[in-house]
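The values are calculated or read from the model by the stated rules, or taken from the named source; none is laboratory data. Note that this is a predicted model, so its numbers are computed, not measured. Positions of Cβ are generated from backbone atoms using ideal geometry, with glycine treated the same way; all protein chains shown enter the neighbour counts. Keep in mind that these areas ignore ligands, DNA and RNA; they rest on the heavy atoms of the full protein, side chains included. Shrake-Rupley method; radii C 1.70, N 1.55, O 1.52, S 1.80 Å.
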Amino acid sequence: MWRSLLFIPVLEDRFIAKAAERGADAIILDLEAGVADDRKVEAREVLGSVVARLSSEVTTTVRINAGWDAASLDLDAAVIPGVSALHLALCEDPDHVRKVADRVSQLETERGIAPGTIRLIAMLESPAALLLAREIATASPRMAGLTLGMEDYATTMGTTPNADLLRPACYQITQAARAAGIAPLAVPASMANFRDAEEMESAAGWARRIGAVGGYAVHPVQVEILNRVFAPSEDEIAW
């Protein structure tokens with residue numbers, strides 16, 4: 001599984017041009033928060049060409065929108081050769097995972113993609129979703145990982161992202177993912193505060209100590225920290 005996953009807005013050519021050079025284990029082409037509502041159609045239309053451009057150089061994944069209407073349109077654009085996984089934004093319950101998984105299976109068959117190629121990572125971003133973490137983690141054989149949407153989770157909890165709030169939630173995510181045999185990808189640090197390298201390093205170290213295997217980034221500085229913190233030590237490799 002990936003130590004670092006870097007968000008890349010699918011309509012930002014200046015970021016796409018250097019996406020494969022940033023050192024991330026995987027990139028996330030973003031159809032959700034990184035795209036304004038009035039540009040969603042445009043983002044879906046260009047996604048295929050961007051995936052074709054990048055997938056031979058770096059592992060390429062896609063974040064899709066929440067809500068079935070938008071998610072369905074995103075799936076039609078994103079279930080294509082070169083995409084390794086889909087990140088389910090604002091995933092609230094296991095039924096949504098199963099619905100997405102069924103549609104992905106249908107599209108893989110129609111498009112000649114080997115069954116099971118495209119994995120799913122659920123992004124839990126509310127207390128209601130967190131309470132269903134185990135059920136979401138086991139909702140489909142396609143499930144590859146769980147993460148916590150730090151900012152949205154804090155907002156729904158009526159506060160701002162902070163260690164006291166995020167660490168217990170990330171522990172719950174990690175425990176649910178480990179119980180399900182999938183990857184915990186939760187580092188309790190605000191994505192918006194990407195300039196604070198010290199906070200990210202501390203949060204990543206804590207996450208690794210409780211069993212997480214990687215995390216998300218919006219800036220190359222975060223990628224370097226995640227890759228270093230989550231890299232196996234010489235002793236671990238020998239073991």
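Data overview
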{"read-out": "Pair list, Cβ < 6 Å and 6+ apart or interchain, from the range 85-108 residues that are more than 16 Å from residue 133 (Cβ to Cβ) to residues that are basic (Lys, Arg) and open to solvent by 70 Å² or more (accessible area, probe 1.4 Å)", "value": "85/119"}
{"read-out": "Some residue of the range 3-11 being open to solvent by 40 Å² or more (accessible area, probe 1.4 Å) and at pLDDT 95 or above", "value": "yes"}
{"read-out": "All positions within the range 29-53 that are under 18 Å from the mean Cα position of the chain (by Cα) and open to solvent by 50 Å² or more (accessible area, probe 1.4 Å)", "value": "33"}
{"read-out": "Which listed residue, of 229, 218, 223, is among the β-branched types (Val, Ile, Thr) and either in contact with a Ser or Thr (Cβ under 9 Å, 6 or more places away or on another chain) or over 19 Å from residue 23 (Cβ atoms) (or both)", "value": "223"}
{"read-out": "Residue check, residue 26 buried (at least 16 other Cβ atoms within 10 Å of the Cβ), under 27 Å from residue 182 (Cα atoms) and in contact with a Phe, Trp or Tyr (Cβ under 6 Å, 6 or more places away or on another chain)", "value": "yes"}
{"read-out": "Candidates 46, 35, filtered to the one that is aliphatic (A, V, I, L, M), over 26 Å from residue 215 (Cβ atoms) and touching a residue at least 24 places away in the same chain (Cβ under 8 Å)", "value": "46"}
{"read-out": "Residues satisfying the stated conditions in the range 213-223, i.e. assigned to a helix (DSSP H, G or I) and open to solvent by 50 Å² or more (accessible area, probe 1.4 Å)", "value": "221"}
{"read-out": "Residues located in the range 14-43, provided they are of a type outside the set (A, V, I, L, M, F, W, C), out of contact with any Lys or Arg (no Cβ under 7 Å at 6 or more places or on another chain) and within 11 Å of residue 65 (Cα to Cα)", "value": "34, 37, 40"}
{"read-out": "Qualifying helices (runs of 4 or more DSSP H) (wholly inside the range 117-212; at least 2 residues being within 18 Å of residue 4 (Cα to Cα), free of Cβ contacts under 8 Å to residues at least 60 places away in the same chain and open to solvent by less than 60 Å² (accessible area, probe 1.4 Å))", "value": "163-180, 197-209"}
{"read-out": "Residue 64, sole failed condition from (1) among the hydrophobic types (A, V, I, L, M, F, W, C); (2) without any contact (Cβ under 8 Å) to a residue 60 or more places away in the chain; (3) over 28 Å from residue 128 (Cβ atoms)", "value": "(3)"}
{"read-out": "Selection status of residue 70, touching a Phe, Trp or Tyr at 6+ places or on another chain (Cβ under 7 Å) and surrounded by 15 or more Cβ atoms within 10 Å (Cβ to Cβ)", "value": "no"}
{"read-out": "Every residue from the range 73-116 that is closer than 20 Å to residue 30 by Cα, of a type in the set (Gly, Ala, Ser) and open to solvent by 30 Å² or more (accessible area, probe 1.4 Å)", "value": "82, 84"}
